[in-house]
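Taking it in order: structure first as structure tokens, then the write-up.
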Amino acid sequence: MNVSEVSTPTENADSTKAAPGRKALLFLMVMAFLNTMGMTIVGPVVPFMTLRHLSNPNNLALVVSWLTASYGICQMIAAPGLGLLSDRFGRRPILFICLLGSAVGYILFGLGASLWVLFLGRIIDGLTGGNFSVLFGYIADITKPEERGKYFGMIGGVSGVGFMVGPAIGGLLATVNYSTPFLVAAGVILLNIAWGFFFLPESLNKEHRVAAIRLRDLNPLKQMNDVFRLANLRWLLLAAFFYALPFAMLQATLTILMKDSLGWNATQAGIIATTVGVVDIVVQGILVGRLITIFGDVKLSISSLILVAISYLLLGSIALFASPILLVAGVILFAGSGGLVENALRGLTSRMVGPGEQGRVGGAGQSIQSIAMILGPLLGGLVYTEWGHFQTYAAGALIIALAIVSVVIATPSLRKSHQEPTT
């Protein structure tokens, strides 16, 4: 089934939208680049920064897992509210709040003289961590439903440049000291805020905004429950959860796996993360739009998820064979197939709701994925420490199989939605 054929009444209302202006699209690309570069600068350094505050190095995987999980917990609490607030007050002010919180979080982490300050930095960053959901809500506001997958892919491709540049810079800055990448990341995000303040227009028209917000509407559990009531979205959100869960396990343990199995340092880990960015550029910037047109979102999601599962097995096998070749092959396969999965699911989800619900659904969806960001690192750290390094990634492949099943189950509901008459 080609999901690009699925339509809703809200899509018909949006079909008259013009293509986004070049200035707006350029700004969104620059914002995505700076935002991603700011995040990925610090990625290769976190385990080594954390290790300075541990008396027992054997606890590194568990502590890093809790640092990652603390971000996910706070994001789960705050993301639905941020999305709903963007539906009420517009994308622009909420996006600035999110970016400012990230900058403060990075500064605290970079200056942290103790473990609790590191956790405080992650908590603040997590509470304001809805920036990408608001950014994609902005894109949905200014694009036609049938073109969103293409524009999501373009923004994703530019984000891939940030993924490429950020880790490399972070690894190099770590040679100065481990605090420097975090302070530079904060500076990059503050630059992003300054750019947006002068050049970013509001995207959500007042007639499409939520009229009022009740305090109970900010409850993340209520937001997730409301979204799960939508049959067209339920299984898609579960698929996104099952994709995000092992991804969070990978984020928390891959640098540690490279350190333990290959003896690599932060600079070498940064080079590997740069490889992810290069592949992401090619896949999201060039291939996503074409492949979605050819195969449709469902077929592309399923086939890409199969490749993601294979990539986890390749990465886990490093623990058995200690081969950099397996690492590079697994990373390339994961980056390429993961980019396809994310855009296919994101484009499909955005097409199922109207312009006044993009923030709410995006925030609730991000909150659901935040649960994966809570459970994934904790599960990954536990399995990595107690059961074994390969077993961590084998478990990730099995969870990806659940994501495939969820997409398959969602297909009849999507077909039924397509058959319902529009008014």
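Nothing in this text is a laboratory measurement; each read-out follows from the coordinates by a stated rule. Keep in mind it's a predicted model, so treat the numbers as computed, not measured. Heads up, the Cβs are rebuilt from the backbone with ideal geometry, glycines too, and the neighbour counts pull from every protein chain shown.
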Query raised in the report: Relative to the present Cα-Cα distance, how much length would full extension add between N59 and V30 at 0.36 nm per residue of separation?
Result: 6.6 nm
Report summary line: Label model pair T293, K206: point-to-point distance (7 angstrom along the Cα→beta-carbon line) in nm is 3.9 nm
Report summary line: So, with points 7 Å from each Cα along the Cβ direction, the R52-I332 label distance in nm works out to 3.6 nm
Report summary line: Most exposed first, judged by fewest Cβ atoms within 10 angstrom, I281, I306 run I306, I281
Report task. Evaluate E = 1/(1 + (r/R0)^6) for F198 and L320, where r is the Cβ-Cβ distance and R0 equals 60 Å; express this FRET efficiency to the nearest 0.05. Result -> 0.65
Query raised in the report: Between L307 and N265, what FRET efficiency comes out of the Förster formula 1/(1 + (r/R0)^6) with R0 = 25 Å and r the beta carbon distance, rounded to 0.05?
Result: 0.30
Report summary line: Quick note on E147, E386, E202, ordering by fewest other C-beta atoms within 10 Å, gives E386, E202, E147
Report task. Report, largest value first, the span of the C-alpha coordinates of segment 267-315 along each principal axis, in whole Å. Result -> 39, 25, 9
Report summary line: Counted neighbours (other Cβ, 10 Å), sorted fewest up, put R346, R209 in the order R209, R346
**Report entry** Nitroxide proxy distance, nm - points 7 Å out along Cα→Cβ at Q391 and L111
**Finding:** 4.3 nm
